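Enquirer: Sharing a structure, written as structure tokens. Questions coming.
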């Protein structure tokens, strides 16, 4: 996925959509915030949404793409605990919801690799 010239824009679009959704529908995100984090879950939801929007802008622009894509890979690693929290919290939900929560865990790997590939491709072009 990282080799396509559209790949950075697709990644930026994914980040932008996720960022906007953190503000448009924050409640589902609030529930995934690990309880170990200090402060209000809503603050973390909004902060992560803002980071996703900033990363989207950075990935979309060729001048900042490589650095933003590396930061995106780190961000995807950093939000993994929220996906773990969701999987733990949803373990007693109906099977389709439980499966969706569990599917998010391995999905982080291709997202990280995608972001790293975007960074690497941009560095090779520069």
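Each reported figure results from applying straightforward, stated rules to the coordinates on display, with no laboratory input. Note that this is a predicted model, so its numbers are computed, not measured. Here the Cβ positions follow ideal geometry from the backbone for every residue, glycine too, while neighbour counts run over all protein chains shown.
Enquirer: Taking the stated definitions as given, is residue 66 buried (at least 17 other Cβ atoms within 10 Å of the Cβ), over 14 Å from the mean Cα position of the chain (by Cα) and assigned to a helix (DSSP H, G or I)?
Expert: When the stated conditions are applied, residue 66 passes them.
Enquirer: Right, here's the next one. With respect to residue 13, determine if the residue is loosely packed, with under 13 Cβ neighbours inside 10 Å and either touching a residue at least 40 places away in the same chain (Cβ under 8 Å) or outside any helix (DSSP H, G or I) (or both).
Expert: Taking the combined requirement at face value, the residue does not satisfy it.
Enquirer: Here are 54, 103: which of them is assigned to a helix (DSSP H, G or I) and surrounded by 13 or more Cβ atoms within 10 Å (Cβ to Cβ)? Spell out how you get there, then give the answer.
Expert: Values: 103 fails: surrounded by 13 or more Cβ atoms within 10 Å (Cβ to Cβ).
Step by step, each of 54, 103 is checked, and only 54 is assigned to a helix (DSSP H, G or I) and surrounded by 13 or more Cβ atoms within 10 Å (Cβ to Cβ).
Enquirer: Looking at (1) surrounded by fewer than 16 Cβ atoms within 10 Å (Cβ to Cβ); (2) touching a residue at least 24 places away in the same chain (Cβ under 8 Å), which is the only condition residue 61 fails?
Expert: (2) is the only condition that residue 61 fails.
Enquirer: Now a separate question. Out of curiosity, is residue 81 in contact (Cβ under 8 Å) with a residue 12 or more places away in the chain, surrounded by fewer than 20 Cβ atoms within 10 Å (Cβ to Cβ) and either outside any helix (DSSP H, G or I) or out of contact with any helix residue (DSSP H, G or I) (no Cβ under 8 Å at 6 or more places or on another chain) (or both)? Lay out the reasoning, then the answer.
Expert: On the way: in contact (Cβ under 8 Å) with a residue 12 or more places away in the chain: yes; surrounded by fewer than 20 Cβ atoms within 10 Å (Cβ to Cβ): yes; either outside any helix (DSSP H, G or I) or out of contact with any helix residue (DSSP H, G or I) (no Cβ under 8 Å at 6 or more places or on another chain) (or both): yes.
Answer is yes for this residue.
Enquirer: Please go through segment 37-46 and pick out each residue that is surrounded by fewer than 19 Cβ atoms within 10 Å (Cβ to Cβ) and under 17 Å from residue 14 (Cα atoms).
Expert: Going through segment 37-46, the residues surrounded by fewer than 19 Cβ atoms within 10 Å (Cβ to Cβ) turn out to be 37-43, 46.
Hit for segment 37-46 is 46, nothing else.
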